[in-house]
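Undergrad: One structure follows; several queries about it will come next.
The values are calculated or read from the model by the stated rules, or taken from the named source; none is laboratory data. Treat the numbers as computed from the prediction; the structure is a model and nothing was measured. In this analysis, Cβ positions are derived from the backbone assuming ideal geometry, glycine residues included, and neighbour counts consider all displayed protein chains. Surface accessibility is based on the protein's heavy atoms, side chains included, excluding ligands, DNA and RNA. Shrake-Rupley method; radii C 1.70, N 1.55, O 1.52, S 1.80 Å.
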Amino acid sequence: HAKSQGANRYLFFNDSMNKQAVKRLQIENLIRYGLKEDYFVVYYQPKMDIVSGHLVGMEALVRFITPKGGLISPASFIPVAEETGQIIEIGEVVLRKACRDVKTWIDQGLFHGRVAVNLSSRQFSLPFLCELIDDTLQQTELPSYHLELEITEGTVMQSPPQAIETMKKLRARGIHLAMDDFGTGYSSLAYLKQFPLNTLKIDKAFIDDMSNARGRNMVDTIMTIAHNLNLTVVAEGVEQSEQLDMLRKLRCDVIQGYYYSKPLSAADFSQFLQQQKQQRNRLNAVPIR
Ligand code: C2E
Ligand code: MG
Ligand code: MG
Ligand code: MG
């Protein structure tokens, strides 16, 4: 009985546990409702070539649109969705919408690159992952070489041999693979060499740390390793022109961050693509002497 075991402490502990459980349950219910009513939407953040400044691709990032039109960021529901397994269904929605939007932009002559979609650990280890992706690409009529999948170190390190198998199957389809948030996990260099990756994304934490010499050396080192492994390097979370300059000197390939653009709704991203096209057309119109 609670009272005989020191009632105050027990009840306090129990109460905060309850609050957490209630919060978790609320989010779980919200997600279920959102899936049913189609409240999950996809935002897109441009990835720019550091040399030409041209768009090379974009990352699809999920958002929850509340009935009142507010935006809920993934940080507040992805952890719960991971726990409950709802992330699998959310992931399917994101993949389908991203493929559909990109197919539209390709058909309109606005885009030629790849869209990157985040895969959670649970999605990545689905036995029918490849079939799911095949079906989605077929239904949306998006050629597989327009798709890139972002996975984290944690995902591939759960079972590296199995991860390598899955990655090879995806690569065989022409899909590109990126290691996301690189440097925050604990993947060993021995494995990094074995993973059939195309891209390495340096986590924002390292980009933020470039204000000091040690931090810059760190990014330099990661860049060298990645390039030795023939990987394209994307810097995540670039906000300042100083960071851009430093990354250019370090031969970084692609930049993603607020410096160029925040993640945009599909409608805003479509506008962004049209602006990019007009810029290119203006450049092409300059007579060659
Ligand atoms: P991530 O995959 O590493 O995505 C990059 C995050 O950094 C995004 O946050 C993006 O908005 C943010 N970001 C980009 N540039 C800047 C910058 O210059 N400054 C700052 N402060 N932030 C920047 P977001 O959209 O809130 O997503 C957070 C995380 O949620 C993602 O990290 C990813 O792990 C997860 N996530 C998002 N969408 C999905 C999804 O569809 N499926 C899965 N499984 N996870 C997702
Ligand atoms: Mg990502
Ligand atoms: Mg990332
Ligand atoms: Mg991140």
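Undergrad: With axes computed from alpha carbons, what is the tilt in degrees of helix 86-107 against the longest principal axis of the chain, rounded to the nearest 10 within 0 to 90?
TA: So the helix axis and the longest Cα principal axis differ by about 20 degrees.
Undergrad: Another one. For E165 and A205, what does the FRET efficiency come to when R0 = 45 Å and r is the distance between their Cβ atoms, rounded to the nearest 0.05?
TA: 0.90
Undergrad: If you line up the Cα atoms of region 114-221 on their principal axes, what length do they span on each, largest first, in Å?
TA: 49, 27, 20
Undergrad: Which value, in Å² and to the nearest 10, is the accessible area of L189 when all protein chains are kept and the probe is 1.4 Å?
TA: 110 Å²
Undergrad: Also, I was wondering about something else. Label points 7 Å out from Cα along the Cβ direction at A190 and Q240: separation in nm?
TA: About 4.0 nm, to one decimal.
Undergrad: Can you send over the solvent-accessible area of F40, 1.4 Å probe, protein chains only, in Å² to the nearest 10?
TA: Surface open to solvent at F40 totals about 10 Å².
Undergrad: Just read off the accessible area of K97 with the full protein assembly in place, 1.4 Å probe, to the nearest 10 Å².
TA: The accessible area of K97 comes to roughly 30 Å².
Undergrad: Using a 1.4 Å probe and counting only protein heavy atoms, arrange R114, R216 so the residue with the most accessible area comes first.
TA: R216, R114
Undergrad: Here's something else I'd like to know. May I ask for log10 I(q)/I(0) of region 95-150 at q = 0.18, 0.23, 0.24, 0.26 Å⁻¹, from a Debye sum over the Cα atoms as equal point scatterers with solvent left out?
TA: So the normalised log intensities work out to -0.57, -0.88, -0.94, -1.07.
Undergrad: For region 138-289, count the residues as N, evaluate 2.2 N^0.38 Å, and divide the Cα radius of gyration by that value, please.
TA: 1.20
Undergrad: Check the straight Cα-Cα distances from K23 and name the lysines below 28 Å, setting aside those fewer than 8 residues away within the same chain.
TA: Those lysines meeting the cut-off are K3, K36, K68.
Undergrad: Just how many % of Cα pairs in the chain lie over 23 Å apart, if you round to the nearest whole percent? Each step should come with its number before you reach the end.
TA: On the way: 25150 of 41616 pairs.
Value for the chain: 60 percent of Cα pairs lie more than 23 Å apart.
Undergrad: Taking the 0 to 90 degree range and rounding to the nearest ten, how far is the long axis of helix 266-285 tilted relative to the main principal axis of the chain, both from C-alpha atoms?
TA: In the chain, helix 266-285 runs at an angle near 10 degrees to the longest axis.
Undergrad: Here's another thing I want to ask about it. Distance check, please: which entries in K97/K262; K103/K193; K169/K249; K47/K249; K19/K201; K97/K249 exceed 27 angstrom between their Cα atoms?
TA: K103/K193; K169/K249; K19/K201; K97/K249
Undergrad: Moving on to the next point. If you rank E92, E150 by how much accessible surface each has, with a 1.4 Å probe, what is the order from largest down?
TA: Heavy-atom accessible area, descending, gives E92, E150.
Undergrad: How do R280, R248, R63 stack up against each other in accessible area, from largest to smallest, with a 1.4 angstrom probe?
TA: The most accessible residue leads, giving R248, R280, R63.
Undergrad: How many angstrom lie between the Cα centre of region 234-289 and the Cα centre of region 155-228?
TA: Result: 23 Å between the Cα centres.
Undergrad: Based on the Cβ-Cβ distance from D135 to S73, what FRET efficiency comes out when R0 is 41 Å, to the nearest 0.05?
TA: For D135 and S73, the calculated efficiency is 0.90.
Undergrad: If the cut-off is a Cα-Cα distance under 18 Å, which aspartates and glutamates reach K204, setting aside same-chain residues fewer than 8 apart in sequence?
TA: Qualifying aspartates and glutamates at Cα under 18 Å: D49, E59, E150, E153, D180, D181, D220, E236, E239, E242, D245, D253.
Undergrad: Can you tell me, using C-alpha contacts under 8 Å and at least 6 residues apart, the relative contact order of region 38-180 as a whole percent? Write out the running numbers ahead of the final one.
TA: Numbers: 194 pairs, mean separation 28.2, N = 143.
Reported as a whole number, the value is 20 percent.
Undergrad: How long are the three semi-axes of the equivalent ellipsoid of region 14-113, in whole Å, if each is the root of 5 times an eigenvalue of the C-alpha gyration tensor, listed from largest down?
TA: Over the Cα atoms of region 14-113, the ellipsoid semi-axes are 33, 15, 11 Å.
Undergrad: Which whole-number percent gives the relative contact order of the chain, counting Cα pairs below 8 Å spaced six or more residues apart?
TA: Computed over the chain, the figure is 17 percent.
Undergrad: Oh, and also: How large is the convex hull of the Cα atoms of region 231-282 per residue, expressed in Å³ as a whole number?
TA: 105 Å³
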